[in-house]
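> Sharing a structure below in structure tokens format, with a few things to ask.
The values are calculated or read from the model by the stated rules, or taken from the named source; none is laboratory data. From a predicted model like this one, the values you see are computed outputs, not experimental measurements. Using ideal geometry, Cβ is built from the backbone for each residue, glycine included, and neighbour counts are taken over all protein chains shown. Surface areas here come from the heavy atoms of the whole protein model, side chains and all, with no ligands, DNA or RNA. Shrake-Rupley method; radii C 1.70, N 1.55, O 1.52, S 1.80 Å.
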Amino acid sequence: MKEFTWISKPYPRVDAEAKVTGRVRYADDLVLPGMLFCKLLRSHLPHARIRRIDTTRARSLPGVLAVLTGKDLPAHKFGILPTSQDQEALCVEKVRYVGDPVAAVAAIDEWTAEQAVRLIEVEYDPLPSYMTIEDALFKEGEPIHAQGNVHKEVSLEFGDVATGFEEADYIREDIFLYHGSAHLPLEEHAAVASYEPGDLLTVWSSTQVPHYLHRTLSKVLDLPMSRIRVIATPVGGGFGGKSDIFNHEIVVAALAMITGRPVKCTLTREEVFYTLRRHPTLMWVRTGVREDGTITAMHFRAILEGGAYGSYGVATTYYVGALQPITYKIPNYRFEGMRVFTNAPPGGPKRGHGTPQPRFALECHLDKIAEDLGMDPVELRRRNLVAPHTKTVNWLRITSCGLAECLKKVVEASRFHEKHRRLPRGRGVGLAVSGYLSGAGLPIYWNDLPHSQVHLQVDRSGSVTLSCGAIDIGQGSNSVLVYTVCEILGVSPEDVRLIVADTAITPIDLGSYSSRVTFMAGNAALQAAQRMRDLIAAAVAEKLGVPAESLIFQGRQVKVGGGEDRALSWREACEVAEARYGLLSATGTYTPPRLAGPYKGSGVGPSPAYSYSACVAEVQVDEETGVVSVEKIWIAHDIGRALNPLLVLGQVEGSVYMGLGEALMEDLSVRQGVIRVPSMLEYKSPTVKEMPEVEAFLIETVDPEGPFGAKECGQGPLLPVPPAIANAIYDAVRVRIDEVPITPEKVLKALERRRKGEEGRFGPGGFPAIRFKEPIRVAPPSPSSAGRVEPRP
Amino acid sequence: MPRLVRLHVNGQVHEVFTPPHRTLLELLREDLGLTGTKHGCELGECGACTVLVDGRPILACLALAVEVEGAEILTVEGLGRPGNLHPLQEAFMEVGALQCGYCTPGFLLSAKALLDQNPAPSRQEIHEALSGNLCRCTGYLRIVQAVERAAVKAR
Amino acid sequence: MLRLPPFQYVRPGTLHEAVGILASEGGKAVLMAGGTDLLPRMKHRVAALEVVVAIRALRELRGIWGDPRQGLVIGAASTLAEVCSHPAIRQGYEVLSLAAAQVATPQIRNMGTIGGNLCLDTRCSYYDMPYTWRKAMGFCLKKNGDTCLVAPGSTRCWAVSSSDLAPVLMALDGRVRLVGPRGERVVPVEELYRDDGIRYLNKEPAEILTEVLLPPLDGWKAAYWKVRRRGSFDFPVLSLAVAVRQDEGGHIADARLILGAVRSSPLRVREAEEALRGEKLEPGIMEVVCELASRAARPVENTDFTVLWRKRMVKVFLRRALGTFA
């Protein structure tokens, strides 16, 4: 195998020095001459009609330059998905959750803006509010949106579930609840807008999706995209929480246009809590297995508490059902999902987008089945694992799959079999596995265009200008782009000038979400670099009279291979090539293969490659207090190839951390119509003291589709953590907590029930009696269509 | 009523007219342009705005600028510069102790205060010293490793 | 970014001057030492005050003197970090050092003072929140509203005493010196508090807490247990300070038992102390004591964790605390 120079090496991230010296400019760090500050007035009612807004007093406050209401803006709704255009930058007729913006002020400083906001008078007619799934489904009254409170319903059946259950020797049903949680990036969302002569609007924003923001601004402000420039600033933590379009991003743009001065809006921490949260999800699962543990059928139902707007919710609803079959062979599978509107902040994508919830349910459910069958939970899983290069019952194409190896690794490293059911009471181990996408196979707005593009320009100085629309949210996409190009061109990072996420300059990348950037922008960078290398090689080959294929690009040289020691320095080679061809420019694009199955709804779930993870958790449970301490986590992740092990391990450990928080303490619930604890003190995010030791293993399967064989690592490793912890708690004290977060109260309650001779369980008691619509019935792919996937040329 | 305050920041003296309700955080970021000091809550609940005052980590969001007059203030900008990095900065880079980078300045300063007082801290002492800084990206493991590595380097 | 409202800032040069300012400004003025309790409340607009009287640098409030044989004097403006690390406290009154080390975070301990922790405003999940949130939830009795949201219909405020040091100092039989316009007085820590979430201090507005006084240890041993979600940042949802004096045979000659974070003031459980006297710490008597303490504790639903769990934990953690002396 070829020895890499920059790839697979633990080099520091390319932005590390800027970050450790405090020199990275995040959105709120930007200051422009004459800049104004913006504050939003947000609804204090969960559901109400707006009767009247009086801004007179606010306008007359000294220092106020503009007060904006929804009526001052073009009447265009927006939404991240084309099918859910249901949001307004400032509400015109109705407010739908506590925190929904109704007006905005631009003033000379933030204090004045806040004072002015307090002077805006709004008269509301309150409406009945819908705070729970039951409210949304059964309560009478004016619905949140005209379409009713059911936002999306999905009903799909692959194979024949009835027959599958008939073939089963054992069938089990369980109900699970996964509470909502916050992304809680350390950086509060911020945006700055400037409107310059020549009708050029520039918006800087801490966004994961500059391209979608660009499109949305164009729509809601009635400006052509050519007159708008969106620059995503380095994102101080995203996790999906900055992957939507937010009111303040539109409002600062409008205010900048009205006032002719730059305008900044930085959300307070409270406001950040009103942006997005992970969907609280109630789930019911029924699985049939043969005596030997082989799954014959699975039926999965879920209701997502969607909050007040659509956001990515249609996709989320599909995701809750889509990825169960990528880890286990499920020959017959039915999924029924529903997302309902409630008067709460919108549910949006958070690390794992709609899949940590069902993964928690599935892995706890399988643990119970193994227990019922008297089977080793490792063996139960092993018998059902998917094989590489196959297609699932719901038509997802699996390429590389290192799940069996991941499982083996964590089971051995944790000495799972020596511990499981054998540790002293109070201590236990639990297991779970998972899989995740390396980028969504389809874009969120329907088109046949590339998902990621990279442009390279090289000049006679040897400088490489690398530009790409992707934004680094901490995951390390800048490093992946630079190291990829260095690897192919044989240059060093100091030769590369990186320009990212500026819609005026950089080619389009769809955004930093769905674990797509390393995979897709990485592939685009690889292609651009290969094309640039070919161009330079052709010129050098001509000059030296050698075949282009014999040239080696390494160590800032272009060398003649085959034992000859002739070489041009990189700069000389660039000069030769520029003299021969003029401006040296190359582009790379990545478009995922067409992967959608032959059914409606098949657009969510396909990915060019899936990552896999397996996790063992060891816990200690205090039976007097119900307090769970996680002692250690073993996790193995099939990364395809680790383009930079330092960055990959960081993603894996960070995912474990976030999974741990969701498993044990993070809870963004709503009380009396209001987010219960919009505060960093009371929303419990684990500190260094709660973080257990983590032993992480990287499994390299070298995927045929990924850049250098790489797959995703930013989201997948979160998924198995909560169920592994829940299963470990059962091993420790024999109670099942079918609801996260697993708080001490819930553990104690379950222990109490167990002592009374009842079922030692805490979890939801039932699943609402709803009749889902008749499923779309889909025949599974024929075995012949599940052929091998050839590596890309 | 604004008053003139003399602040010693990163070895330099700054004279700034400031109203008394201005926090050190606002003054550093907005008057002195030292935006390396971050903020995540402005209520003392996250640690992102940690700076050193006379060598001790404090929260710039809860300190009035007028109250730190005369004290030696150190922000991330004064910790080290490219080409002359502090061992902690080097160690954070080398072990991958940062991702989005937003909490990093606060962690660096909490860690510096620890190492200045205790050049060979135990893991538990490191945990204690970093327990007032939240990070959502890394899971802290590499931050702790970086502090351990810097302690060894500095010896 | 959250901003502070404008205020007038005065930095008196002497304690006497500080008392004078407070007396003349009346309810418009507030004392500030470390600022870590006051400034977040001002940013949340629950504390609206025109004059901030900065007393952190007052010489009369600084310094720690004494030892376990003679007793200890701690200046009220000593930071929590100073209390943690002071040799006389670490060696002689270790429990105080350990309790101070569990307050908030290292940064806050470098700013917050022992006096500030004793005068810490009572806390409530309906009160320590931003303005817009409180408007949405409905304003509460403690600020802007006319009813307690924890106990609707109640005419009093149930905000919870959240000081870590108050229970410990009560267990150590500490006293505080208060200096006001009418002179000074020394009162037991217990008498500083009232079980009322709004008027939680028995202190004239113009009185300044200047010193904490601890008697000689005289054979007392003490323990402090703090219950909270995370190992840092969090206020107690329950705390227990226990001090005992045992004879050579292990019989308890005297005991002090204080619960924190179960009502608007620290709760001294005298029935339990009485029950311990003359007894050896054996399971039977421990159960009796735990039962008495548990019965006395009546937390309300206004912190992290459910109220049932907090109440249940009284017994569990008291048994553990007592166990350290057995």
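> Would you compute the Debye intensity of chain B from its alpha-carbon atoms alone, equal scatterers and no solvent, and pass along log10 I(q)/I(0) at q = 0.13, 0.14, 0.15 Å⁻¹ to two decimals?
-0.56, -0.65, -0.74
> Here's another thing I want to ask about it. Given a Förster radius of 60 Å and the C-beta distance between A:Glu412 and A:Glu153 as r, what FRET efficiency does 1/(1 + (r/R0)^6) yield to the nearest 0.05? Don't skip to the end; give the middle numbers.
Details: r = 44 Å, r/R0 = 0.73.
Efficiency computed from Cβ-Cβ geometry: 0.85.
> Compute a Gaussian network model of chain C, connecting alpha carbons closer than 10 Å, and tell me which residue from C:Ser163, C:Ser78, C:Ser125 fluctuates the most.
Of the options given, C:Ser125 has the highest mean-square fluctuation.
> Only Cα pairs within less than 10 Å get springs; with that Gaussian network setup on chain C, which residue of C:Thr303, C:Thr113, C:Thr155 has the largest fluctuation?
Judging by the Gaussian network model, the answer is C:Thr155.
> Another question, if that's okay. Can you run the Rg to Rh ratio on region B:87-154? Use alpha carbon positions and the Kirkwood inverse-distance Rh.
Values: Rg = 10.4 Å, Rh = 11.4 Å.
Radius of gyration over Kirkwood radius for region B:87-154 works out to 0.91.
> Further question on the same structure: Assign unit charges at the C-beta atoms only (+1 for Lys and Arg, -1 for Asp and Glu), then state the dipole size of region A:1-145 relative to its Cα centre in Debye, rounded to the nearest 20.
380
> Here's another thing I want to ask about it. Would you mind working out the magnitude of the charge dipole of the protein assembly as shown relative to its Cα centre, with +1 at each Lys and Arg C-beta and -1 at each Asp and Glu C-beta, to the nearest 20 Debye? Provide the component values of the computation, followed by the final result.
Numbers: 147 positive and 146 negative charges, 164 e Å.
Dipole about the Cα centre, nearest 20: 780 debye.
> What is the distance, in nm, between label points placed 7 Å from the Cα along the Cα-to-Cβ direction at A:Asp292 and at C:Arg194?
7.8
> If you take the alpha carbon radius of gyration of chain C and divide it by 2.2 N^0.38 Å, what ratio comes out, to two decimals? Before the final figure, lay out each step's value.
On the way: Rg = 19.6 Å, N = 326, 2.2 N^0.38 = 19.8 Å.
With N residues counted in chain C, Rg over 2.2 N^0.38 Å equals 0.99.
> Out of the GluC sites (Glu not before Pro) in region C:39-129, which ones are loop residues according to DSSP with at most 13 other C-beta atoms within 10 Å?
C:Glu50
> Would you tally the net charge around B:His14, using a Cβ to Cβ cut-off of less than 15 Å, leaving B:His14 out, and scoring K and R as +1, D and E as -1? Present the calculation step by step, with values, prior to reporting the outcome.
On the way: positive: B:Arg3, B:Arg6, B:Arg22, B:Arg29; negative: B:Glu15, B:Glu26, B:Glu30, B:Asp31, B:Glu69, B:Glu72, B:Glu77.
Every neighbour counted, the sum reads -3.
> Over 19 Å, how big is the tail of the calculated P(r) for region A:449-590, in percent of all Cα pairs? Working shown, then result.
Details: 4698 of 10011 pairs.
Percentage above 19 Å: 47.
> Under the Cβ-under-4.7 Å rule, which cysteines of chain A stay unpaired?
A:Cys91, A:Cys364, A:Cys401, A:Cys406, A:Cys468, A:Cys486, A:Cys574, A:Cys615, A:Cys713
> Report the gain in length on full extension from A:Ser782 to A:Arg753: 0.36 nm times residue separation, minus Cα-Cα distance, nm rounded to one decimal.
On the way: separation 29, 0.36 × 29 = 10.44 nm, distance 4.81 nm.
My answer for the length gained is 5.6 nm.
> Lysines near A:Lys19 by alpha-carbon distance under 28 Å, same-chain residues fewer than 8 away left out - which ones?
Once the sequence-local lysines are set aside, what remains near A:Lys19 is A:Lys9, A:Lys242, A:Lys264, A:Lys350, A:Lys684, A:Lys689, A:Lys711, B:Lys38, B:Lys112, B:Lys153.
> For region A:562-705, what proportion of DSSP beta bridges, expressed in % and rounded to the nearest 5, is antiparallel?
Working: 12 of 19 bridges.
Looking only at bridges with both residues in region A:562-705, the antiparallel portion is about 65 percent.
> If one puts a single equal scatterer on every Cα of region C:1-123 and applies the Debye formula without solvent, what log₁₀ I(q)/I(0) results at q = 0.16, 0.21 Å⁻¹?
-0.81, -1.19
> Which residue fluctuates the most in chain C, going by a Gaussian network model with Cα springs under 10 Å, if the choices are C:Ala272, C:Ala23, C:Ala81?
Per the Cα network of chain C with a 10 Å cutoff, C:Ala23 tops the list.
> Can you give me the distance in nm between label points at C:Thr147 and C:Asp247, each placed 7 Å from the Cα along the Cα-to-Cβ direction?
In this crude label model, C:Thr147 to C:Asp247 measures out at 5.7 nm.
> Determine how large the accessible area of A:Phe37 is when every protein chain is in place; take a 1.4 Å probe and give Å² rounded to the nearest 10.
Roughly 40 Å² of A:Phe37 is accessible to a 1.4 Å probe.
> While we're looking at this one, here's another question. Out of all DSSP beta bridges in the protein assembly as shown, what portion is antiparallel? Express it as a percent rounded to 5. Numbers along the way, then the final one.
Values: 160 of 206 bridges.
Close to 80 percent.
> Have a look at region B:3-78 and give its Rg and Dmax from the Cα atoms, expressed in angstrom.
Every Cα atom of region B:3-78 included, Rg and Dmax give 10.9, 30 Å.
> Below 23 Å, Cα to Cα, which lysines can A:Lys773 reach? Residues fewer than 8 away in the same chain don't count.
Reachable lysines: A:Lys139, A:Lys152, A:Lys600.
> Sticking with this structure for a sec: Averaged across C:35-47, how many Cβ atoms of other chains sit within 10 Å of each residue's Cβ atom?
Details: counts 8, 6, 2, 1, 10, 9, 1, 1, 8, 3, 2, 0, 0.
The per-residue average across the peptide is 4.
> Okay, next question. Find out how many positive minus negative residues lie around B:Ala120, taking Lys and Arg as positive, Asp and Glu as negative, among other residues whose Cβ is under 13 Å from that of B:Ala120.
Details: positive: B:Arg123, B:Arg149, B:Lys153, B:Arg155; negative: B:Asp116, B:Glu125, B:Glu148.
Its environment carries a net charge of +1.
> Name the lysines eligible as straight-distance cross-link partners of C:Lys135: C-alpha to C-alpha under 22 Å, and not fewer than 8 places from it in the same chain.
Candidates past the 8-residue exclusion: A:Lys39, A:Lys94, C:Lys43, C:Lys143.
> Here is a further query. When the expected Rg is taken as 2.2 N^0.38 Å, what fraction or multiple of it is the alpha-carbon Rg of the protein assembly as shown?
Details: Rg = 31.1 Å, N = 1274, 2.2 N^0.38 = 33.3 Å.
It is 0.94.
> For C:74-81, what's the mean count of beta carbons from other chains sitting within 10 Å of each residue's beta carbon?
Details: counts 0, 0, 0, 0, 0, 2, 0, 3.
The per-residue average across the peptide is 1.
> Which of C:Met1, A:Trp6, A:Ala779 sits farthest toward the positive end of the charge dipole of the protein assembly as shown, with +1 on the Cβ of Lys and Arg and -1 on the Cβ of Asp and Glu?
A:Ala779
> Would you kindly work out the equivalent ellipsoid of region C:191-231 from its C-alpha gyration tensor and give its semi-axes, the square roots of five times the eigenvalues, largest first in whole Å? Please report the intermediate quantities before stating the final value.
Working: eigenvalues 130, 87, 21 Å².
They are 25, 21, 10 Å, listed from largest to smallest.
> Let me know the Kirkwood hydrodynamic radius for region C:229-323, please, with Cα pairs as the basis and the value in Å to one decimal. All intermediate terms of the calculation are to be shown ahead of the outcome.
Working: mean 1/r = 0.0731 Å⁻¹.
Final number for the Kirkwood radius of region C:229-323 is 13.7 Å.
> Here is a follow-up. Distance from a point 7 Å along Cα→Cβ of A:Asp169 to each backbone N in region A:338-377: keep the residues under 15 Å and list them by number.
Output list for this probe position: A:369-376.
> Could you work out how much longer the chain between A:Thr56 and A:Arg421 gets when fully extended? Use 0.36 nm per residue separation minus the Cα distance between them, nm to one decimal.
On the way: separation 365, 0.36 × 365 = 131.40 nm, distance 6.99 nm.
That pair, A:Thr56 and A:Arg421, stretches by 124.4 nm at full extension.
> Compute the signed sum of charges (Lys and Arg +1, Asp and Glu -1) over the other residues within less than 11 Å, Cβ to Cβ, of C:Tyr127.
Working: positive: C:Arg41, C:Arg123, C:Arg134, C:Lys142, C:Lys143; negative: C:Asp121, C:Asp128.
Net charge in that neighbourhood comes out at +3.
> Where the centroid of each part is defined by its Cα atoms, how far is region A:342-362 from region B:63-108 in Å?
Cα centroid to Cα centroid, the span is 36 Å.
> Using a Förster distance of 30 angstrom, determine the FRET efficiency expected from the C-beta separation of B:Ala120 and C:Lys221, and round it to 0.05. Spell out each step's value before the answer.
Numbers: r = 32 Å, r/R0 = 1.07.
E(calc), rounded to 0.05, equals 0.40.
> Can you figure out the FRET efficiency of C:Gln91 with A:Glu379, using R₀ = 60 Å and their beta-carbon distance, to the nearest 0.05? Before the final figure, lay out each step's value.
Numbers: r = 58 Å, r/R0 = 0.96.
Efficiency for this residue pair is about 0.55.
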